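Notes follow the structure.
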Amino acid sequence: MSYVIIGNSVAAVGAVEGIRNLDKVNPIVIISDEPYHTYSRPLISYYLAGKVTQNNMYYRGKDFYNTNNVEPILGVKAQHIDFDKKEVILEDGRKISYTKLLIATGSKPLTPPIEGVEKQNIFNFIKLDDAKAIEKVATRCSKAVVIGASFSGLKAVEALVQRGVNVTVIDIMDRIMPRVFDETASSMALKMLEKHGVKVLLKASVEKILGHQAASSVLLKDGREIPCDFIVLAAGVRCNTDLVKGTKLKINRGIIVDTMMRTNIPDVYAAGDVAEGYNFIEERNAETPIISNAYKQGETAGQNMAGAQKVFDKGFIMNSMPLLDLSIVSAGVSSPGEGITVKAIYNQGKNTYKKFYIRGNNLVGYLLINDIDKAGIYTDLIRRKIDISSFEHQLGRDDFGFIYLPKALRSQLILEC
């Protein structure tokens, strides 16, 4: 028996620990094109801001591989998988045999179709190497253009602001983080960014990147030219399925898996951002690209690779995002839809915003800005599909908490703790 994992991030760590819960002996090989010890990718913005060192980014201690009898093959790309021979072929020609295989290749940046996007001083913002490259040019008072007011784009903005960089954000949409923010939330974020000297250009798109070899400015479709020393591309990400495209593995946007993280090919599993697992709120397979889901999917895959029959069917989207002066937590549904009612509470004086999405008698999503203390309770209501009809009117109150839940439910939760 031999286990091979392609990928070295959170899902891979979950898989190793899932395997080792049941199998202490058989070897595990981890293959990654990055040369680094397993690290937490969301921390790259803190690395760029100078708040953490590389050693502080490690997702597990330096003895993780040795302790778990893992052979890491780092800095080498997996080139091809021969599913019939059960082999992973590396770019250096080596062939790694497996009995059970986990594909955990994560996501990759989306490159917008802009003329000149291949020039120098244009960076993605998804890996540690991206942050290291940006660090070299992001000097105090330099000028940066960030293309995309997405989650990763705004985290890049935050880090650049903290380095003293003059930042302009450009996005084709009419508001910031449109998948999560409505007009009120976007306005709060916009005011905060402008307070920190960030210029935000919405409903704008880049036609061309100017400069001889390196980017020196961007030309917008409306004719405006924005000078810059470097550019950060943050137009979004997609599942990194490059390794398995054109194979018999079933792929939609990501690799399709069941609730046991199995693909359509025997002994092959997928987990993390590359996988489309079950989203229990939407009641369908969907991408759920967050750390907690990646770990649970990886752990479930690892246990099942080692012979268990575990199921993970509680995946849904949740993000916690401090952004300069704002604290933001969102989970589940993030826009109105059929059968969904919305409750919003905006306190301009306190600069807080709470929004809840309710379907039937269940909370199915929320957005909290600058009032996030109850996020754990709201998340639990979603995850457990608790009937909120008897206390729905209390949602969002400043004093909302355990005491507002029905007595029988409080007793049940205490017993489950």
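The values are calculated or read from the model by the stated rules, or taken from the named source; none is laboratory data. Keep in mind that this is a model prediction, so the values were computed, not measured. For neighbour counting, all protein chains shown are included, and Cβ atoms are generated from backbone atoms with ideal geometry for every residue, glycine included.
Some points to look at:
- Residue within segment 270-281 that is modelled with pLDDT of 95 or more and surrounded by fewer than 21 Cβ atoms within 10 Å (Cβ to Cβ) present: no
- Qualifying residue in segment 168-175 (condition: closer than 21 Å to residue 42 by Cα and more than 23 Å from the chain's Cα centre (by Cα)): no
- Members of segment 283-300 that are within 12 Å of residue 270 (Cβ to Cβ) and either in a helix (DSSP H, G or I) or under 12 Å from the mean Cα position of the chain (by Cα) (or both): 287, 294, 297, 298, 300
- Against the criterion of being of a type in the set (Asp, Glu), surrounded by 16 or more Cβ atoms within 10 Å (Cβ to Cβ), part of a loop (DSSP other than H, G, I, E, B) and not assigned by TED's automatic domain parsing to the domain that holds residue 104, residue 371 qualifies.
- Among residues of segment 311-368 being touching a Leu at 6+ places or on another chain (Cβ under 9 Å), of a type in the set (S, T, N, Q) and not in a loop (DSSP other than H, G, I, E, B), the one that is nearest to residue 385 (Cα to Cα) is 362.
- Among (1) outside any strand (DSSP E or B); (2) of a type outside the set (Gly, Ala, Ser); (3) touching a residue at least 12 places away in the same chain (Cβ under 8 Å), the one test that residue 96 misses: (1)
- Residue tally, condition outside any loop (DSSP other than H, G, I, E, B) and at pLDDT 95 or above, over segment 109-137: 14
- Residue 294, sole failed condition from (1) farther than 24 Å from residue 185 by Cα; (2) among the aliphatic types (A, V, I, L, M); (3) surrounded by fewer than 22 Cβ atoms within 10 Å (Cβ to Cβ): (3)
- Summed over segment 244-260, residues that are under 20 Å from the mean Cα position of the chain (by Cα) and touching a residue at least 60 places away in the same chain (Cβ under 8 Å) total 1.
- Lone unmet requirement of (1) in contact with a strand residue (DSSP E or B) (Cβ under 9 Å, 6 or more places away or on another chain); (2) outside the structural domain of residue 89 (by TED's automatic domain parsing) for residue 51: (1)
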